[in-house]
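Visitor: My structure is below; once you've seen it, I'll send some questions.
The values are calculated or read from the model by the stated rules, or taken from the named source; none is laboratory data. This one's a predicted model, so the numbers in the text were calculated from it and none came from an experiment. Cβ sites come from the backbone with ideal geometry, for glycine too, and all protein chains shown count toward neighbours.
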Amino acid sequence: MLQSVVQVILAGLSTGMFIWLVASGLTLIFGVLGVLNFAHGSFYMLGAYFCFTVLKYMGANFWLGLILGPLCVCVIGFIVERFFLRYVYHIALPYQLLLTFAFVLIFDNLVKIVWGAGSISPPALAALGGSVDVLGRKFPIYNILIIVVGPLVALALWGMIEKTWWGRIIRASSSDREMASAIGVRVPALFTSVFVFGTWLGALGGGLAVPYVGIMTSGMGETIIIEAFIVAVIGGLGSLKGAFVGALVIGVLTAFGTRFFPTFDMFLTFILMAGILLWRPQGLFGVAR
Amino acid sequence: MEKMDRRDFLKRVGAGALVTGAGALGSGVMVPTGLWAQAPKIKGPIKVGYQAVLSGTLAGYGEFHKMGAQLAVEEINQKGGIAGVKVEIEFRDSTMKPDDAIKNARYFVDSWGADYLAGVDSSGQALALAPIMDKLDRVLMVTHAATEKLTEEWVFKKGIKQIFRMVNSTYHDSNAAAFIAKDLPALKWATVSPKYEYGFTCWKLFQETLKKLKPGVSFPAESWAPAGTTDFRSHINTIMDANPDGLYSTEWAGELITFLKQAKQAGLFDKVKHVMLPVGAAMDVLEGMGAEMPDNLWISGRYFFLYPNNKDNNDWVARFRKRWNHYPAYVSEAGYSAIYALKAAVEKSGSKETKALIQTLEGMELDTPAGRRLFRKEDHQAMYDVPWGKTKGDPKYPFKIMGESKVIPAKSYFSRPPFEGPGADPPFSS
C-alpha cells in the first residue's frame, strides 16, 4: 500500500510537471500579450516532431534534438506572431480564438503531410530508458529527471521575470502598454520575443514528452492543451506561480483519482476546477481584473 | 468514323450473338455471366461512400482504410468495373464523433448519390447510424466498429437490414480470448481497458465466458483509462497491487503502445506472466513497438497479414505492399473486402438496388484475403477465423510477429441468435 502511494505521488508529480511545461508558455503569453493561444498545443506537437526528426535524420543524440527541435518551432512561433497574431490584438477576442484555432487545424494537417498520418513511436532512450527501485517497484529514471526539470524551469522563469532587465520591461509593458511605449519600449518587438519564448516552452514540453508517452500523432497537442488550460484557469490566468501550483495539484490529484477513486477520476479535475472558480473566480493566484 | 477491321467486327457480332442466344435459351440453360450479361441492367457508375477517421490521433487508421478500399477500386476498374460499370469512391473524415458519422452518411446518400456505404470506426458512431439506416436505405458495410449491439440489437432484433459487418466484433476480443485463457495456468485476471462502451463490454463478456469455461477464476482488479490517456502509471499500479496472474487489455492503437512501453518500464511483464491483447496484432502497434515489444504476449486482431498462409492472401499482401509500401493493417483488409463484397453482390443479383444487395449478401460466402467469410443471415455479421498467437521476433521483419498461434473456429464463440437464453452465449452446450 505504501509502495503504491509513493508510486502514485511520483507518477502524479511527473504528470504535473509535463502539464506545467505546457501551461507555463500558455500562461506567459496570456499574462503579457493577453492572448489565449489555442495553437500552443500545436507548438507542443511540433516540438515533439522536430526533436524526433533531429534525432532520427541527423543522427544526433536526444539532447541535441531537445536543443535544436524547439528552436525550429520558435521560427514558426515568430512567423505566427509577427505576421498574423499581431494584427488581431486590437480587435475582439473571438477573432484571436478563431485565428489561433485555425492554426491548430493547419499545423495538424501540416504534420500529416510532412510526417504521415500514422503514429510515430520513437525507440526508447538508451541512456535514460532504465528504472530505479522505489520501495520494491520500478520507477523510470526519465520521469525523475522530469520531476527535477519542471521546478528548474519554474525557477529560471521566476528569475528571468523578477530579476532581469528584460523581465522588468515585460512586467511594465503588460501592466501598461501605452505608458511603456511612451517611454521608449518597443512593445511590438517585445511581444514577439515573449511569444517566441512561450512557444519555446511549449515545444520543449513536447520534446520532453516523447520518450515518456512513447508515441507522437498529429493531434497530440489537443489533449494536453485542455489540461494546460484547466491548470492555467485554476492557478489564475496569467499567473506563473498559479500555473505551477495548479499543475502539481492536477497531476497528483489525477494520479490518486485513477488509483484510489477510479469511478470519479475524470470528474475530480472538473469538480476541483468548478470549486476553485466558485471560491476564487480569478483562480488561486490570479489578480481580479 | 471509327475504324474497325474484320476480326474486330466478327468479335463484336459474336459477342452480341452470344448474349442474345443466352437470353433466348432462358435462365437455367445458360446463365450469362461476366460483363455482357449485366451491363444493360445497371446504370453506372456505382458509387461508394466511405467514412473513416482521417484527423486527430487516430488519423493513421483512416489512411489504412483508404489504402485498402482504394486498391480494390483500382483493381476492379482496371478489369472493367463491376458488371461493366465503373466504381467511384469518395472518402470522408468520420472524426470519431457520432454527429459527424450521421452528417457524412446523409451527405453521401442525399447529395452525392452513393449506392453503398462503408467504413465507420467507433462503436458509438455505428450505434448512432443504425437508427437512420432504414431511412437512408443503403447497405452500410461496417469495417471497424466492434460492438455486438450493432448486429444483435439493430439488425436481428429491430430488423435494420441495411447494416452488415465485415470484421470480427467483441465476440472475438472477449469470448475467443476466454477460450485461450482457459488453457493458461492463470486463475486471477485483471484489466486495464478503455473507459467507454467497447472496453466495458469486452471485459464483461470475457469474464462471463471465462467463468463458465474455468470455474474458480477470479477478477481482482480493473482500471479504466479514458480516451486520450498518455500516462498509465497509476493504472499499472492498480494492477500490480492486485498481483494477478493474467492481464487482459483492450487498449488499442497509440494508447496501447504508450501502455505497453510504460508497463514494461514499470516491470509489469516480469510480474504478470499471461497477457492478452485482443487488438495487439494491429500493424500500427507491432510496427510502433518494434523490437521493444515484449515476447510471449497473446495478441490478435481482425486480420493479421501472415494468416491464412495461402496463395490468395500472400498475393494480396504482395500487391498491397507494391502499391503502398506498407504491410496491410486489419482495416485495410476490411476496406478492400468491403468493395469486393459489393462487387460480388451486384454481379450475383444483377442490380445495385439496396433491396437486391441485402438479399444477396444475406448468407453469402465471400473469399477474401482473411479467408472465406460467411455473412450470417440473422444478424449480418461476417463469420471467419482469425488466430490468436504469441508475440515473437523474426529476422524477416523489423517488428514482432504472431508466433505460435491458435485458431478457434468462429462458429464456436460467436454468440448465436436469438442472443439470449440458454445456448445463445458460448460455451455452447450443443
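Visitor: What is the residue count in region B:74-103 for residues that are within 27 Å of residue B:132 (Cα to Cα), more than 14 Å from chain A (Cβ to nearest Cβ) and buried (at least 19 other Cβ atoms within 10 Å of the Cβ)?
Guide: 4
Visitor: Within region A:133-181, take every residue that is part of a helix (DSSP H, G or I) and under 24 Å from residue B:290 (Cβ atoms) and give me the one that is farthest from the other protein chains (Cβ to nearest Cβ).
Guide: The residue in question is A:145.
Conditions (1) part of a helix (DSSP H, G or I); (2) within 14 Å of chain B (Cβ to nearest Cβ), marked per residue:
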{"residue": "A:10", "(1), (2)": "yes, yes"}
{"residue": "A:60", "(1), (2)": "no, no"}
{"residue": "A:64", "(1), (2)": "yes, no"}
{"residue": "A:98", "(1), (2)": "yes, no"}
{"residue": "A:105", "(1), (2)": "yes, yes"}
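Visitor: Six or more apart or on different chains, Cβ under 7 Å: which pairs go from a residue in region A:210-229 that's touching a residue at least 12 places away in the same chain (Cβ under 8 Å) and within 7 Å of chain B (Cβ to nearest Cβ) to one that's part of a loop (DSSP other than H, G, I, E, B) and of a type in the set (A, V, I, L, M, F, W, C)? Could you list them?
Guide: Matching pairs, first to second residue: A:218/A:117.
Visitor: Can you tell me which residue among A:25, A:16, A:12 is surrounded by 21 or more Cβ atoms within 10 Å (Cβ to Cβ), in contact with a helix residue (DSSP H, G or I) (Cβ under 8 Å, 6 or more places away or on another chain) and under 15 Å from residue A:206 (Cβ atoms)?
Guide: Working: A:16 fails: under 15 Å from residue A:206 (Cβ atoms); A:12 fails: under 15 Å from residue A:206 (Cβ atoms).
Residue meeting the stated conditions: A:25.
Visitor: Does at least one position in region A:147-162 carry a residue that is among the charged types (D, E, K, R) and surrounded by 18 or more Cβ atoms within 10 Å (Cβ to Cβ)?
Guide: Looking through region A:147-162, none of the residues is among the charged types (D, E, K, R) and surrounded by 18 or more Cβ atoms within 10 Å (Cβ to Cβ).
Visitor: Kindly indicate whether residue B:137 is charged (D, E, K, R), surrounded by fewer than 20 Cβ atoms within 10 Å (Cβ to Cβ), away from chain A (no Cβ under 14 Å) and touching a residue at least 40 places away in the same chain (Cβ under 8 Å).
Guide: Values: charged (D, E, K, R): yes; surrounded by fewer than 20 Cβ atoms within 10 Å (Cβ to Cβ): yes; away from chain A (no Cβ under 14 Å): yes; touching a residue at least 40 places away in the same chain (Cβ under 8 Å): yes.
For residue B:137, the condition - charged (D, E, K, R), surrounded by fewer than 20 Cβ atoms within 10 Å (Cβ to Cβ), away from chain A (no Cβ under 14 Å) and touching a residue at least 40 places away in the same chain (Cβ under 8 Å) - is met.
Visitor: Then there is this: If residue A:186 passes every condition in (1) away from chain B (no Cβ under 14 Å); (2) touching a residue at least 12 places away in the same chain (Cβ under 8 Å) but one, which one does it miss?
Guide: Of the numbered conditions (1) away from chain B (no Cβ under 14 Å); (2) touching a residue at least 12 places away in the same chain (Cβ under 8 Å), the odd one out for residue A:186 is (2).
Visitor: Next question. Can you tell me which residue is nearest to the other protein chains (Cβ to nearest Cβ) among those in region A:110-132 that are more than 16 Å from residue B:261 (Cα to Cα) and within 23 Å of the chain's Cα centre (by Cα)?
Guide: Among those residues, the one meeting the criterion is A:112.
Visitor: Please state which of the following conditions residue B:411 fails to meet, knowing it meets all the rest: (1) exposed (fewer than 15 other Cβ atoms within 10 Å of the Cβ); (2) assigned to a loop (DSSP other than H, G, I, E, B).
Guide: Residue B:411 satisfies all of (1) exposed (fewer than 15 other Cβ atoms within 10 Å of the Cβ); (2) assigned to a loop (DSSP other than H, G, I, E, B) except (2).
Visitor: How many of the residues making up region A:238-259 are more than 14 Å from every other protein chain (Cβ to nearest Cβ), more than 13 Å from the chain's Cα centre (by Cα) and within 27 Å of residue B:56 (Cα to Cα)?
Guide: 0
Visitor: Which residue out of B:414, B:428, B:375 is touching a residue at least 12 places away in the same chain (Cβ under 8 Å), hydrophobic (A, V, I, L, M, F, W, C) and touching a Gly at 6+ places or on another chain (Cβ under 7 Å)?
Guide: Numbers: B:414 fails: touching a Gly at 6+ places or on another chain (Cβ under 7 Å); B:428 fails: touching a Gly at 6+ places or on another chain (Cβ under 7 Å).
B:375 is the lone residue from the list that is touching a residue at least 12 places away in the same chain (Cβ under 8 Å), hydrophobic (A, V, I, L, M, F, W, C) and touching a Gly at 6+ places or on another chain (Cβ under 7 Å).
Visitor: Can you pull out every residue in region A:31-61 that is touching a residue at least 12 places away in the same chain (Cβ under 8 Å), surrounded by fewer than 20 Cβ atoms within 10 Å (Cβ to Cβ) and among the hydrophobic types (A, V, I, L, M, F, W, C)?
Guide: Of all residues in region A:31-61, those touching a residue at least 12 places away in the same chain (Cβ under 8 Å) come to A:31-56.
Narrowing the set further to residues that are surrounded by fewer than 20 Cβ atoms within 10 Å (Cβ to Cβ) leaves A:34, A:36, A:53, A:56.
Passing the criteria: only A:36.
Here is a yes/no grid of residues against (1) under 30 Å from residue A:254 (Cα atoms); (2) at pLDDT below 95:
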| residue | (1), (2) |
| --- | --- |
| A:12 | yes, yes |
| A:37 | yes, yes |
| A:53 | no, yes |
| A:61 | no, yes |
| A:77 | no, no |
| A:83 | no, no |
| A:87 | no, yes |
| A:91 | no, yes |
| A:97 | yes, yes |
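Visitor: Based on this model, can you work out whether residue B:212 counts as surrounded by fewer than 16 Cβ atoms within 10 Å (Cβ to Cβ) and touching a Pro at 6+ places or on another chain (Cβ under 8 Å)?
Guide: yes
Visitor: Filtering region A:152-207 down to residues that are among the β-branched types (Val, Ile, Thr) and out of contact with any helix residue (DSSP H, G or I) (no Cβ under 7 Å at 6 or more places or on another chain), which residue is nearest to residue A:227 (Cα to Cα)?
Guide: Top of the filtered list is A:164.
Visitor: Same structure, new question: Are there helices (runs of 4 or more DSSP H) fully within region B:231-341 with at least 1 residues that are touching a residue at least 12 places away in the same chain (Cβ under 8 Å), more than 9 Å from chain A (Cβ to nearest Cβ) and under 21 Å from the mean Cα position of the chain (by Cα)? List them.
Guide: Because the criterion is at least 1 residues that are touching a residue at least 12 places away in the same chain (Cβ under 8 Å), more than 9 Å from chain A (Cβ to nearest Cβ) and under 21 Å from the mean Cα position of the chain (by Cα), the helices (runs of 4 or more DSSP H) in region B:231-341 that meet it are B:253-265, B:283-289, B:311-324.
Visitor: Restricted to region B:215-230, and to residues that are part of a strand (DSSP E or B) and within 11 Å of another protein chain (Cβ to nearest Cβ), which residue is surrounded by the most Cβ atoms within 10 Å (Cβ to Cβ)?
Guide: Step one: filter region B:215-230 for residues part of a strand (DSSP E or B), giving B:218-225.
When the remaining residues are screened for being within 11 Å of another protein chain (Cβ to nearest Cβ), the result is B:221-225.
On the way: B:221: 19, B:222: 20, B:223: 22, B:224: 21, B:225: 25.
By that ranking, first place goes to B:225.
Visitor: Of everything in region B:69-114 that's part of a loop (DSSP other than H, G, I, E, B) and among the charged types (D, E, K, R), which residue is modelled with the lowest pLDDT?
Guide: Looking at residues that are part of a loop (DSSP other than H, G, I, E, B) and among the charged types (D, E, K, R), I get B:97.
Visitor: Could you please give the count of residues in region B:362-371 that are touching a Leu at 6+ places or on another chain (Cβ under 9 Å) and surrounded by 14 or more Cβ atoms within 10 Å (Cβ to Cβ)?
Guide: Total meeting the criteria: 2.
Visitor: For region A:114-132, give me each residue that is crowded, with 18+ Cβ neighbours inside 10 Å and more than 27 Å from residue A:10 (Cβ to Cβ).
Guide: Across region A:114-132, the qualifying residues are A:117, A:118, A:120.
Visitor: Can you tell me which residue within region B:189-214, out of those that are part of a helix (DSSP H, G or I) and basic (Lys, Arg), is nearest to residue B:429 (Cα to Cα)?
Guide: So in region B:189-214, the residues part of a helix (DSSP H, G or I) come out as B:197-213.
After this cut, where a residue has to be basic (Lys, Arg) as well, the list is B:204, B:211-212.
Details: B:204: 20, B:211: 15, B:212: 11 Å.
This residue is B:212.
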